[in-house]
Amino acid sequence: MTAVASEERPGRIRAFLKLVAIEHSVFALPFAYLSAFVAMDRDGSGVHWVDLLLVTVAMVSGRTFAMAANRILDRRIDAQNPRTQNRELVTGAVSVRTAWTGAVVSLVILFVAAALLNPLCLVLSPLAVIPLVVYPYAKRFTNFPHYILALAQAVAPVGAWLAITGTFDGSGPAWVLGVAVGLWIGGFDIIYACQDVEVDRRIGVHSTPARFGVRTALHISTATHVVTFALFVWFGQLAGLGWLWWLGLAMTAVAFAYQHVVVTPQDLSKVNRAFFTANGFVAIALFLFALLDLVLL
């Protein structure tokens, strides 16, 4: 009996990690690190390894809570969509009880990590959770739920800055980076939602593509990413980054353009390729080029 239980437990854990798409943490985490390293460079106190570890724990646990809550609240919607009807809560691979347990544990870990960082992070951590909870409901009352997601994602760079400094003083670069990251992810979420236009309209789910059509939604996404890129430029100026940052930014401009070229109203088959290829490259490349700039220049 014990052997069977020990075999089932890893299976449940793997299913839960798949439920929350833990690997997608790679998209926002590099920007939290980027904000933290710029903050550390400014105060000249060296690398705060423990703080970086706690930032990682807080980021991953916060995102895990958000994804678990999203999947729980959307499970009936997911069951009506052919694209999402094989998700773990719909098929029963993960029980609702297990998903809630994982969400609550993740939330507790987030608060503990915030408390270990500094009092300001602890006080503000409940505020950071609010958009994470509101986002799953947003598609029920607004045609722009993607920008609620943007708000939730914008928290990461600001939180990382506060984790290192413990103060809002001089945090302007983090706010600019936060808005850039939020709009970057929100803009792509509009592209992603184009896959579900007909289903969303049929079952009453709100989204920008469902309200305005795929062509207009893609134009809105493009405009959002133009603003995103401008904010990345502004961040580089505020942070005093050198030519390596600008080289990395020029390279990511190609990735931004790529996802808007390969995804068209007539062909949405490359949405997933754009998601993993272009967005993964943007996050990792910008972080690495900024880090090299901070270390070498």
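The figures follow:
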read-out	value
Count - residues of region 235-282 that are among the basic types (Lys, Arg) and either in a helix (DSSP H, G or I) or in contact with a Gly (Cβ under 9 Å, 6 or more places away or on another chain) (or both)	1
Test: residue in region 150-165 that is closer than 17 Å to Leu218 by Cα and either modelled with pLDDT of 90 or more or among the aromatic types (Phe, Trp, Tyr) (or both)	yes
Qualifying residue in region 198-207 (condition: part of a helix (DSSP H, G or I), under 30 Å from Phe287 (Cα atoms), of a type outside the set (Gly, Ala, Ser) and out of contact with any Ser or Thr (no Cβ under 6 Å at 6 or more places or on another chain))	no
Lone qualifier among Phe256, Phe275, Phe289, Phe232 - being under 21 Å from Val214 (Cβ atoms), buried (at least 17 other Cβ atoms within 10 Å of the Cβ), modelled with pLDDT of 85 or more and not aliphatic (A, V, I, L, M)	Phe256
Condition check for Thr98: part of a helix (DSSP H, G or I), touching a residue at least 12 places away in the same chain (Cβ under 8 Å) and closer than 23 Å to Arg75 by Cβ	yes
Region 17-43 residues that are crowded, with 22+ Cβ neighbours inside 10 Å and part of a loop (DSSP other than H, G, I, E, B), paired with ones that are modelled with pLDDT of 85 or more and among the charged types (D, E, K, R) (beta carbon under 8 Å, 6 or more apart)	Val20/Arg63; Val20/Arg71; Ala28/Arg63
Some residue of region 115-135 being farther than 26 Å from Ile190 by Cβ and small (Gly, Ala, Ser)	yes
Single unsatisfied condition, Gly46 versus (1) within 18 Å of Ile130 (Cβ to Cβ); (2) without any contact (Cβ under 8 Å) to a residue 40 or more places away in the chain	(1)
Which numbered condition Val295 misses (of (1) surrounded by fewer than 16 Cβ atoms within 10 Å (Cβ to Cβ); (2) modelled with pLDDT of 95 or more)	(2)
Residues of region 63-89 that turn out to be without any contact (Cβ under 8 Å) to a residue 40 or more places away in the chain and either farther than 21 Å from Ala138 by Cα or touching a Lys or Arg at 6+ places or on another chain (Cβ under 6 Å) (or both), as a count	2
Among the candidates Ala128, Ala58, Ala93, residue that is surrounded by 15 or more Cβ atoms within 10 Å (Cβ to Cβ), of a type in the set (Gly, Ala, Ser) and modelled with pLDDT under 90	Ala93
Hits in region 169-210 (condition: of a type in the set (Gly, Ala, Ser) and either touching a Leu at 6+ places or on another chain (Cβ under 7 Å) or within 30 Å of Arg42 (Cβ to Cβ) (or both))	Gly170, Ser171, Gly172, Ala174, Gly178, Ala180, Gly182, Gly186, Gly187
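For (1) over 21 Å from Val233 (Cα atoms); (2) surrounded by fewer than 20 Cβ atoms within 10 Å (Cβ to Cβ), each residue gets a yes or a no:
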site	(1), (2)
Thr142	yes, yes
Leu149	yes, no
Asp169	yes, yes
Val179	no, no
Leu183	no, no
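The values are calculated or read from the model by the stated rules, or taken from the named source; none is laboratory data. Keep in mind that this is a model prediction, so the values were computed, not measured. Note that each Cβ is placed from the backbone with ideal geometry, even for glycine, and that neighbours are counted across all protein chains shown.
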